[in-house]
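The values are calculated or read from the model by the stated rules, or taken from the named source; none is laboratory data. Worth saying up front: this structure is predicted, and the values here are computed from it rather than measured. Cβ placement follows ideal geometry from the backbone for every residue including glycine, while neighbour counts extend to all protein chains displayed.
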C-alpha cells in the first residue's frame with residue numbers, strides 16, 4: 001500500500017513539474033506573435049505563389065530553399081482548401097487571408 005502511494009506522489013510531482021515547464025514557456029514571443037525569423041521564411045513563400053506572376057526564385061538563400069518551396073506549396077494547398085470549402089469565393093479572397 002505504501003508503495004502505491006509513493007508512485008502516486010511521484011506521478012503527481014512529475015505532472016506538476018511538466019505543467020510548470022509548459023506554462024513557463026507560454027509567453028514566448030508576446031506581445032509579438034511571430035517568431036523573428038518568420039518574416040524571412042513566410043514572405044518569400046507568399047511571393048512564390050503570387051497570383052499576379054509566377055516567380056520561382058525565393059529571393060535569398062540564407063535559409064534552405066526546399067523549406068520555402070514546401071511552405072509555398074502548403075500555403076497554396078491551404079488557399080485551395082479555403083476555396084473548395086466555401087470560406088472564400090476565389091483566389092483573390094484567399095490571398096487576402098494569407
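For segment 22-39, check the following and say yes or no: at least one residue is modelled with pLDDT under 80, under 29 Å from residue 90 (Cα atoms), out of contact with any helix residue (DSSP H, G or I) (no Cβ under 8 Å at 6 or more places or on another chain) and surrounded by 10 or more Cβ atoms within 10 Å (Cβ to Cβ).
yes
Kindly list the number of the only condition in (1) surrounded by 13 or more Cβ atoms within 10 Å (Cβ to Cβ); (2) in a helix (DSSP H, G or I) that fails for residue 77.
Checking residue 77 against (1) surrounded by 13 or more Cβ atoms within 10 Å (Cβ to Cβ); (2) in a helix (DSSP H, G or I), the one that fails is (1).
If we keep just the residues of segment 80-98 that are over 11 Å from residue 46 (Cα atoms) and outside any helix (DSSP H, G or I), which is modelled with the lowest pLDDT?
Across segment 80-98, the extreme among qualifying residues is 90.
Give me the pairs: first residue in segment 1-29 and on the phi > 0 side of the Ramachandran plot and part of a loop (DSSP other than H, G, I, E, B), second residue modelled with pLDDT of 95 or more and loosely packed, with under 10 Cβ neighbours inside 10 Å, beta-carbon distance under 8 Å, and six or more apart or on different chains, which are they?
If the second residue must be modelled with pLDDT of 95 or more and loosely packed, with under 10 Cβ neighbours inside 10 Å, no pairs are left.
Can residue 56 be described as in a helix (DSSP H, G or I) and free of Cβ contacts under 8 Å to residues at least 60 places away in the same chain?
no
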